[in-house]
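Remarks on the structure that follows.
The values are calculated or read from the model by the stated rules, or taken from the named source; none is laboratory data. It should be emphasised that the depicted structure is a prediction, and the values quoted were computed from it without experimental measurement. Cβ coordinates were reconstructed from backbone atoms using ideal geometry, including for glycine residues, and neighbour counts include every protein chain displayed.
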Amino acid sequence: MNSERQIIEQRGLGRLELWPLPTDENTLWMLLMDVFEGYWQDIRFGTMVPGGVWEIRAPNAPTRVSLMDGYVTVDFGAWHFHICVGHFSGCEPTLAAERRTGRAELYRLLDREDAPKSWGLRLYNQLGDQQLTVFLPNPFLDPGGWRALAPDWERLRAWDTLRQSYLGLAPDPVDRSGQGFVCGG
């Protein structure tokens, strides 16, 4: 397991602390199953690019999280999405390789005092295009996504579990050092 972290400044977001994850097909499939089957009711997901953030909330538990021909499908019944995480045989090999996840990371967004204020998972294809951002439950936001009156540290359960499962890292007291969530702060 790779527990080496990086700190980067990302234009438009601020300081991020990143932990790279393995990008092999099986690990990513298991990770997406864990996130969407275990935490579907608590997460928001979509893409987060300069000028646009999609924060989609699942309408129900997924009816299926499957892997076929390199693509993970997360199906909610009325709609679904696909992410290429492995070998895809449906097109020319160079194009197929570009579609596959090339970078996966757990991240926490830091405030001006370097205390965490947001936690998540990001996947990028081999070209560096964002495939998915999962916004994990945030102790500074209530389940509806509004600012909480007081931090609910139990909302870091998903973060703590994913760090332990995929990085071999125990819960970090730094995660409970923040003062709140302010966009852009």
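Annotation note: of 29, 40, the sole residue that is in contact (Cβ under 8 Å) with a residue 12 or more places away in the chain and not in a loop (DSSP other than H, G, I, E, B) is 29. Look through region 1-53, keep the residues that are within 15 Å of the chain's Cα centre (by Cα) and charged (D, E, K, R), and return whichever of them is nearest to residue 128 (Cα to Cα). So, considering only residues that are within 15 Å of the chain's Cα centre (by Cα) and charged (D, E, K, R), the one nearest to residue 128 (Cα to Cα) is 17. Among the residues in region 124-136, are any out of contact with any strand residue (DSSP E or B) (no Cβ under 7 Å at 6 or more places or on another chain) and closer than 19 Å to residue 110 by Cα? Checked region 124-136: no residue is out of contact with any strand residue (DSSP E or B) (no Cβ under 7 Å at 6 or more places or on another chain) and closer than 19 Å to residue 110 by Cα.
If only residues of region 142-156 that are closer than 29 Å to residue 82 by Cβ and at pLDDT below 95 are counted, the one that is surrounded by the most Cβ atoms within 10 Å (Cβ to Cβ) is 143.
Is it true that some residue in region 166-180 is in contact with a Pro (Cβ under 7 Å, 6 or more places away or on another chain), at pLDDT 95 or above and more than 15 Å from residue 120 (Cα to Cα)? Within region 166-180, one or more residues are in contact with a Pro (Cβ under 7 Å, 6 or more places away or on another chain), at pLDDT 95 or above and more than 15 Å from residue 120 (Cα to Cα). Scan region 32-49 and tell me whether some residue there is farther than 29 Å from residue 10 by Cβ and surrounded by 15 or more Cβ atoms within 10 Å (Cβ to Cβ). No, region 32-49 has no match at all. Taken over region 129-165, the residue count meeting the criterion of being out of contact with any Pro (no Cβ under 8 Å at 6 or more places or on another chain) and either acidic (Asp, Glu) or not in a loop (DSSP other than H, G, I, E, B) (or both) is 13. Which residues, counting only those in region 85-135, are touching a residue at least 60 places away in the same chain (Cβ under 8 Å) and among the aromatic types (Phe, Trp, Tyr)? Answer for region 85-135, where residues must be touching a residue at least 60 places away in the same chain (Cβ under 8 Å) and among the aromatic types (Phe, Trp, Tyr): 107, 135. Among the numbered conditions (1) within 30 Å of residue 152 (Cα to Cα); (2) at pLDDT 95 or above, the only one that residue 127 does not meet is (1).
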